[in-house]
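Below is one structure, written out as structure tokens; the observations come after it.
The values are calculated or read from the model by the stated rules, or taken from the named source; none is laboratory data. Bear in mind the structure is a predicted one, so any value in this text is a computation, not a measurement. Cβ: placed from backbone, ideal geometry, glycine included. Neighbour counts: every protein chain shown. What goes into the accessible areas is simple: the full protein's heavy atoms, side chains included, and nothing from ligands, DNA or RNA. Shrake-Rupley method; radii C 1.70, N 1.55, O 1.52, S 1.80 Å.
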Amino acid sequence: MPVEFIGFITNNNASETIVRSGPVLDPPYIETVAKAHELAGFDRALLAFHSTTPDALQVAQHVLTITKTLKVMIAQRPGFTAPTLLARQLATLDQFYGGRVSLHVITGGNAIELRQDGNTLDDKDERYARTNEFLDVVKLEWTSEKPFNYSGKYYNVENGFSQVKPLQKGGIYTFVGGGSDAAIEVAGKHADTFALWGESYAQVRDVTTRVRAAAARCGRPTPRFSLSVRPILAETEEKAWKKADAILERATALQDQTGYRRPNHATDGAKRLLALADQGARIDKRLWTEVAKLTGANSNTTALVGTPEQVAEVFGDYYDLGVSHFLIRGFDPLVDAIDYGRALIPLTRNLIAARDEQRGIAAE
Ligand SMILES: Cc1cc2nc3c(=O)[nH]c(=O)nc-3n(C[C@H](O)[C@H](O)[C@H](O)COP(=O)(O)O)c2cc1C
């Protein structure tokens, strides 16, 4: 199965080690980083969703307008836009931009932040139950050739119908993220790809096994898996670890300015990474947990440290565990995206293609 690289397009140039200096919505930066991802050989790029940031859907449309092949992975939270409307919004985009749209469904782990958008479902399991119904309706809107009715606890639709269908047959490619048990059930029923943060080999083995079982309970094939991680690369391993230490020192020093302080809440996804950090700063071959520990791990915060060859080898290990999508971003997002295109991405593609050939797995 082909390996896919997913990047991350932020609305401005900022990270745990870069204090934002430009506007919150910085079109020249967005255009530059989007084109850099396309030129570096990324297949897709994530647009995140938060209750106070620019609208991911519109930023995604702008990215699609200024790129040719790069796909977008648009994060959306159920509970704010009617599922029938979001389905038509995404189908319309997919028609305009040659089937380059994908949806990333996030249920939201922080009730206080969700209330900033007017959410009233503070119970997360209830939010996942809403997500399940939300995706039922979205998929009906994408696929039903005649008006449909849907009666649920959170959504009721009468004679729902979309004249515009996605260009992608069967609906728009859908990612689901989340560390909760409830996320596994939603993924089993709805995900084309289940998205994980940068977990250990043992944690990935555990999650893939549970998602596979959840999909089987729904009579579905096993979804694919995406792993998010922050590669820290240098021409020698020693230099890479020195670079990691410098990143930690700078991230610690800038916390008040960047806002990447450890919050008093943790999503289940974050708790899984913090459990790793409790085991140590370095897990498996080169999974580094120090920035996750510093920031509370409520996003893609674990890193793989080493030479491009060493990190590509670890991607091979995750591939053997069933991971086929790697969502990567650096601490210097634009510069690192370009750098990943020089060695890490081509090395990993070649390593995995060679491994598939060895196993007689035909390249799709
Ligand atoms: C690849 C990936 C991307 C994510 N993007 C976002 C995002 O843009 N906004 C957000 O609020 N949560 C995002 N999340 C967070 C989870 O979806 C979050 O953990 C979930 O909404 C609820 O938490 P849980 O881990 O407790 O189940 C992302 C998670 C993953 C794995």
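Ranked highest first by the average count of other Cβ atoms within 10 Å around their residues, in what order do 42-48, 60-66 fall?
The most tightly packed comes first, giving 42-48, 60-66.
Where does segment 127-166 land on Rg(C-alpha)/(2.2 N^0.38 Å)?
Taking the Cα Rg and dividing by 2.2 N^0.38 Å, one obtains 1.13.
Under the Kirkwood approximation for Rh and a Cα-based Rg, what ratio Rg/Rh is obtained for the chain?
0.95
If you plug each phi of segment 163-174 into the Karplus form 6.51 cos²θ - 1.76 cosθ + 1.60 with θ = phi - 60°, what whole-Hz ³J(HN,Hα) values come out, in order, with x for Gly and Pro?
5, 8, 10, x, 5, 5, 4, x, x, 7, 4, 10
List the residues, sorted by chain then number, that are 5 or more residues from GLU4 or on another chain and whose placed amide H is less than 5 Å from its amide H.
HIS325, PHE326
Can you give me the angle between helix 83-96 and the longest principal axis of the chain, using Cα atoms only, in degrees from 0 to 90, rounded to the nearest 10?
70 degrees
Relative to the longest principal Cα axis of the chain, at what angle does helix 181-190 sit, 0 to 90 degrees, rounded to 10?
With both axes taken from Cα atoms, the answer is about 60 degrees.
Compute the Kirkwood hydrodynamic radius of segment 270-348, taking the inverse of the mean of 1/r over all pairs of distinct Cα atoms, and give it in Å to one decimal.
About 13.3 Å, per the Kirkwood formula over Cα pairs.
Please compute the Cα-Cα pair-distance distribution of segment 111-200 with 5 Å bins starting at 0, giving whole percents from short to long.
Final binned percentages: 3, 12, 19, 19, 21, 15, 8, 2, 1, 0.
Give me the dipole magnitude in Debye, nearest 20, for the chain about the Cα centre, with unit charges on the beta carbon: positive for Lys and Arg, negative for Asp and Glu.
Roughly 440 debye for the chain.
Could you tell me the accessible area of ASP278 in Å² (1.4 Å probe, neighbours in place), rounded to the nearest ten?
About 130 Å², rounded to the nearest 10.
For HIS104, list long-range residues whose amide hydrogen, built 1.01 Å from N in the peptide plane, is under 5 Å from its own amide hydrogen.
Residues meeting the criterion, in which the H sits 1.01 Å from N, are ILE74, ALA75, GLN76, PHE175.
What 222 nm value per residue comes from the helices of the chain, counting each DSSP H run with n ≥ 4 as -39,500 (n - 2.57) and dividing by all residues, nearest 500 deg cm²/dmol?
Only helices count here, giving -14000 deg cm²/dmol.
Just going by the charge dipole of the chain, with Lys and Arg at +1 and Asp and Glu at -1 on Cβ, which of THR69, TYR155, SER15 is farthest out on the positive end?
Projecting each Cα onto the dipole axis, the largest value belongs to TYR155.
From the backbone phi of segment 222-228, what are the Karplus-calculated ³J(HN,Hα) couplings (6.51 cos²θ - 1.76 cosθ + 1.60, θ = phi - 60°) in whole Hz, Gly and Pro given as x?
Result, rounded to whole Hz: 5, x, 7, 10, 10, 10, 9.
For the Cα atoms of the chain, what angle does the longest principal axis make with the long axis of helix 333-342, in degrees from 0 to 90, nearest 10?
80 degrees
Just for the Cα atoms in segment 1-123, what are the lengths along the principal axes, largest first, rounded to whole Å?
Result for segment 1-123: principal-axis Cα extents of 42, 36, 29 Å.
Can you pull the percent of Cα pairs in segment 221-364 with separation above 24 Å?
34 percent
Per q in 0.17 Å⁻¹, report the Debye log10 I(q)/I(0) for segment 201-279, using one uniform scatterer on each alpha carbon and no solvent.
The calculated log intensity ratios at q = 0.17 Å⁻¹ are -0.95.
Just ALA253, ALA343, ALA312 to compare: in a GNM of the chain, with alpha carbon springs under 10 Å, which one fluctuates most?
Checking each option, the largest mean-square fluctuation is seen for ALA253.
Among the lysines, which fall within straight-line cross-link reach of LYS35, defined as a Cα-Cα distance under 23 Å, with same-chain neighbours fewer than 8 residues apart omitted?
Within the straight-line cut-off, LYS35 pairs with LYS68, LYS71.
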